[in-house]
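Heads up, the thing below is written out as structure tokens.
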Amino acid sequence: MVLLDGKALSLKIKNELKLKVLELKEKSIEPCLAVILVGDDEASKIYVQNKIKACEFCGIKSLSYHLKKDITQNELLALINTLNYDDSIHGILIQLPLPSHINKDIILENIASSKDVDGFHPINVGYLNLGLESGFLPCTPLGVIKLLKAYDINLAGLDTVVIGASNIVGRPMASMLLNAGASVSICHIKTKDLNFYTKKADLIVVAAGCAHLLKADMVKEGVIVIDVGINYIDNKIVGDVDFENVSKKSSYITPVPGGIGPMTIAMLLENTVKSAKNRL
Ligand code: GUN
């Protein structure tokens with residue numbers, strides 16, 4: 001069994017980005033990411049802090065907007081509009097989830113697609129689903145693909161299963177696997193028999209937000225397992241995979257923490273630098 005070390009790869013990527021940022025600064029472009037957090041969700045606060053810290057590490061400028069949870073949708077749209085027209089800003093990230101009185105789809109649609117470093121704008125989602133590489137790709141699934149590539153895992157022809165159909169991970173993950181030549185099944189909360197899919201899979205991506213969902217008796221020998229889950233049990237972070245037992249049957253598996261989490265942040269930085277480079 002080989003551990004897919006996202007922490008190590010993300011550090012390598014961030015060190016490479018540092019150099020790219022220096023090159024851009026020599027050309028008078030300072031990559032800049034605007035990060036918007038609405039409300040006081042504790043997990044979101046930590047995610048945002050980690051993103052800002054990672055920007056600092058790479059020399060990317062970050063602007064942090066921490067807004068009250070009762071901000072109106074129109075006030076948030078006005079801020080986005082200002083950031084869209086500010087030429088010194090290359091990426092705009094709105095930490096999700098948003099409070100329920102705000103329509104997240106309207107918000108995401110109003111971020112300029114050229115600054116949509118999360119890859120959530122319908123235009124960027126469209127490029128991905130057309131199999132085109134013109135837009136920004138969502139950070140978590142992009143991190144998965146990069147990690148697999150780093151270990152020379154060829155996806156063409158593999159039978160793959162994605163568990164979870166969210167817009168942030170499951171759906172774009174399925175599209176990227178398809179674009180890489182894999183056969184893809186998407187399973188979700190209404191799937192009748194999850195085992196039926198997972199048992200024959202060569203590769204499984206679990207992004208269900210359910211601790212220890214994937215168990216050893218659900219997978220075949222030699223399976224590749226990617227665990228996107230971040231669950232808190234007794235103040236400890238655990239993934240969606242019963243790692244202790246599933247790892248014994250796996251050829252490759254990601255740890256939690258230290259697998260996909262740090263890759264997600266590295267891809268956000270990469271997208272921000274890509275957006276800044278587009279200005280050249
Ligand atoms: N909330 C959970 N994951 C993400 C993400 O990748 N981007 C944003 N903006 N919010 C999230």
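The values are calculated or read from the model by the stated rules, or taken from the named source; none is laboratory data. Computed from a predicted structure; not experimentally measured. A quick note on method: Cβ atoms are made from the backbone with ideal geometry, for glycine too, and the neighbour counts reach across all protein chains shown.
Sort out which residues of the range 140-151 are within 15 Å of the ligand (Cβ to nearest atom) and farther than 17 Å from LYS14 by Cα, and write them in order of number. Selection gives PRO141 alone.
Taken over the range 106-139, the criterion of being over 21 Å from ILE13 (Cβ atoms), free of Cβ contacts under 8 Å to residues at least 40 places away in the same chain and away from the ligand (no atom under 16 Å from the Cβ) is satisfied by ILE123, GLY126, TYR127, LEU130, LEU132, SER134.
When SER275, SER185, SER175 are checked against the criterion of being farther than 20 Å from ALA8 by Cα and in contact with a Phe, Trp or Tyr (Cβ under 6 Å, 6 or more places away or on another chain), SER185 stands alone in meeting it. Determine whether the range 203-223 contains at least one residue that is at pLDDT below 95 and closer than 24 Å to GLN49 by Cβ. No, the range 203-223 has no match at all. If the condition is being charged (D, E, K, R), within 16 Å of the ligand (Cβ to nearest atom) and surrounded by fewer than 17 Cβ atoms within 10 Å (Cβ to Cβ), then the range 18-52 contributes ASP40, GLU42, LYS45. Within the range 1-16, if we keep just the residues that are under 10 Å from GLY258 (Cβ atoms) and touching a residue at least 40 places away in the same chain (Cβ under 8 Å), the residue that is surrounded by the most Cβ atoms within 10 Å (Cβ to Cβ) turns out to be GLY6. Residue count for the range 85-96, restricted to those that are surrounded by fewer than 17 Cβ atoms within 10 Å (Cβ to Cβ) and in contact with a strand residue (DSSP E or B) (Cβ under 9 Å, 6 or more places away or on another chain): 2. Among residues of the range 169-203 being β-branched (Val, Ile, Thr) and part of a strand (DSSP E or B), the one that is surrounded by the fewest Cβ atoms within 10 Å (Cβ to Cβ) is ILE186.
Look at (1) β-branched (Val, Ile, Thr); (2) within 15 Å of the ligand (Cβ to nearest atom); (3) touching a residue at least 12 places away in the same chain (Cβ under 8 Å) and you find that ILE71 fails only one, number (2). Filtering the range 85-105 to residues that are closer than 13 Å to ILE71 by Cα and either within 16 Å of the ligand (Cβ to nearest atom) or in a helix (DSSP H, G or I) (or both) leaves LEU98, PRO99, SER100, ILE102, ASN103.
Candidates are the residues of the range 53-79 that are hydrophobic (A, V, I, L, M, F, W, C) and surrounded by fewer than 20 Cβ atoms within 10 Å (Cβ to Cβ); the one that is farthest from ILE29 (Cα to Cα) is ILE71.
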